[in-house]
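What follows is a short report on a single structure.
Values in this text are rule-based calculations from the coordinates and carry no lab data. These numbers were taken from a predicted model, which means no experiment stands behind them. When we count neighbours, we look across all protein chains shown, and the Cβ atoms used for this are built from the backbone with ideal geometry, even at glycine.
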Amino acid sequence: MTNSTITPEVEEFLASEPNLILATLRKDSGPQLSPVWFLWRDDMFIISTTLTTAKWRNLKRDQRCSGIIDNPNGKYIYVSGVAELSVEEVPLPITTAIVHKYKTPEEFNPYMEVVHGRGNRRGIIQLKPDRIVTRELD
């Protein structure tokens, strides 16, 4: 199904699934695939990354991207659009919210120490899909 309406079932799926496989375009126009953690907020995917990743470099050159979230039972969401990029500074509120989604309370502080050890800045990717395709989520 192709639609632009996010149903409650789609919202639940986005809140529960662990990774978005993000596809960006390399210099040679080939795909670069990256599994990423995300938040779904305000009808967009929000992703945090270091400023040295291939996905960040690719998106700085060409903001077009797509992604898929799936699980073994056959449900999936495919999205595509144009990303907006920004840089987040310490205390990293967006990155912190994303890490809270994926890490237990016991894991959170040690993980954030690693994040802070990589530098005081993170790239924030916001993907508001212009196309959404869902399967078995209607």
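If each DSSP helix of 4+ residues adds -39,500 (n - 2.57) and the sum is divided by the residues in the chain, what number results at 222 nm, nearest 500 deg cm²/dmol?
Helix-only estimate at 222 nm: -8500 deg cm²/dmol.
May I have the count of lysine pairs in the chain with C-alpha atoms under 18 Å apart, counting pairs 8 or more residues apart or located on different chains?
Lysine pair count for the chain: 4.
Assigning unit charges at the beta carbon (Lys, Arg +1; Asp, Glu -1) and nothing else, what dipole magnitude in debye, to the nearest 20, does the chain show about its Cα centre?
Using only the charged Cβ atoms, the result is roughly 760 debye.
For the charge dipole of the chain, defined by +1 on Lys and Arg C-beta atoms and -1 on Asp and Glu C-beta atoms about the Cα centroid, which residue among 36, 63, 20 has the Cα displaced farthest towards the positive pole?
63
So which trypsin sites (Lys or Arg not before Pro) in segment 1-103 pass both tests, a DSSP loop state and at most 14 other Cβ atoms within 10 Å of the Cβ?
Counting only loop positions with at most 14 other Cβ atoms within 10 Å, the trypsin sites (Lys or Arg not before Pro) in segment 1-103 are 26, 27.
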